1. Specify the residue that is surrounded by the most Cβ atoms within 10 Å (Cβ to Cβ); the eligible residues are those in the range 186-204 that are polar (S, T, N, Q) and touching a strand residue (DSSP E or B) at 6+ places or on another chain (Cβ under 9 Å).
2. For the range 89-100, state whether one or more residues are under 30 Å from ASN211 (Cβ atoms) and either crowded, with 19+ Cβ neighbours inside 10 Å or modelled with pLDDT of 95 or more (or both).
3. When SER104 is evaluated against the numbered criteria (1) in contact (Cβ under 8 Å) with a residue 12 or more places away in the chain; (2) closer than 17 Å to MET37 by Cβ, which criterion, by number, is the only one it fails?
4. Quick one: count up the residues across the range 62-89 that are farther than 17 Å from LEU27 by Cα and small (Gly, Ala, Ser).
5. Using the structure shown, decide if LYS215 is in the same structural domain as ILE115 (by TED's automatic domain parsing) and either more than 20 Å from ASN131 (Cβ to Cβ) or at pLDDT below 95 (or both).
6. Collect the residues in the range 141-192 that are under 21 Å from PHE226 (Cα atoms), among the basic types (Lys, Arg) and assigned to a helix (DSSP H, G or I), keeping them in residue-number order.
7. Here are LEU126, LEU75: which of them is in contact with a Gly (Cβ under 9 Å, 6 or more places away or on another chain), at pLDDT 95 or above, surrounded by 14 or more Cβ atoms within 10 Å (Cβ to Cβ) and among the hydrophobic types (A, V, I, L, M, F, W, C)?
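The values are calculated or read from the model by the stated rules, or taken from the named source; none is laboratory data. Fair warning: this is a prediction, and the values are worked out from it, not measured in the lab. All Cβ positions, glycine included, derive from the backbone under ideal geometry; neighbour counts span all protein chains shown.
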Amino acid sequence: MRDFFCFDLGETLINFNKPNKKWHSSLIGEVLPDMFMTLNKISQGFKDICTVEEFSTIGYKIISTNRKLSMIKRLSLILDNYNIPIKMDLINLLLADFYHNLISTATLYPESIKILKKLQNKGYVLGLWSNTPWESPGFMFEKIMKHFEIRRYFSVVLFSGDYGIRKPDPLTFDLVLKKAQVDKSRMIYIGNAEVDIKTGSNFGIPTIWVNRDQKKLSENVPTPEFIIKDLEGIFDLLPIS
């Protein structure tokens, strides 16, 4: 029986209200200007070196093009570009700007806690793997999970920003299994995106696709084993062999 339920986070359990294009517009139009203000407070006269528009443009280019680097290393490149000493305390302040932007628009799907609590009460083991935007560190998203009081339901939570790999690489799920110490035959993955379905197929486990907006799958995406319109639909599927 499949009794290890591994979830995606964004747009599955928590709605960050940032479709793909909005992630990028939010970065250049909100997050980076906030980081500019932080740097100006720390380094007096920073605004005399460049304008907020110039900083946002250069920062966006550095963050969006260095895809194999963690967000911490990308922020280090931004600081280095302006000859600002790279200190972890300063990077944490910049990450805080990003966190505040994330939490300001995030909402918990109304059924999330109900579903997690019921699954846990029925003896299911819960895990989570989530890709993070621009390989941001996982602690930011774990903090958001704690804010919405859902972290307590998971035995393991892993984020791409902490491991340097992303879905659809099947190694992501292998790491989850090793961390949870459960067998592959017990795992099923629940997510909202096509990449979730691809990863499940690549790894050889079934997936539950949460299709809230009744989207059609792209031609190159395998058909998921199960499709539900929201998380409540999980209970219509139990038990899953």
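1. Of everything passing the filter in the range 186-204, THR199 is surrounded by the most Cβ atoms within 10 Å (Cβ to Cβ).
2. Within the range 89-100, one or more residues are under 30 Å from ASN211 (Cβ atoms) and either crowded, with 19+ Cβ neighbours inside 10 Å or modelled with pLDDT of 95 or more (or both).
3. The number of the failed condition is (1).
4. Here the count works out to 0.
5. So LYS215 passes the test.
6. Selection gives LYS184, ARG186.
7. LEU75
Every residue, every condition in (1) of a type in the set (Phe, Trp, Tyr); (2) assigned by TED's automatic domain parsing to the domain that holds LYS184; (3) not in a loop (DSSP other than H, G, I, E, B), yes or no:
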{"position": "ILE28", "(1), (2), (3)": "no, no, yes"}
{"position": "LYS41", "(1), (2), (3)": "no, no, yes"}
{"position": "GLN44", "(1), (2), (3)": "no, no, no"}
{"position": "PHE55", "(1), (2), (3)": "yes, no, yes"}
{"position": "TYR60", "(1), (2), (3)": "yes, no, yes"}
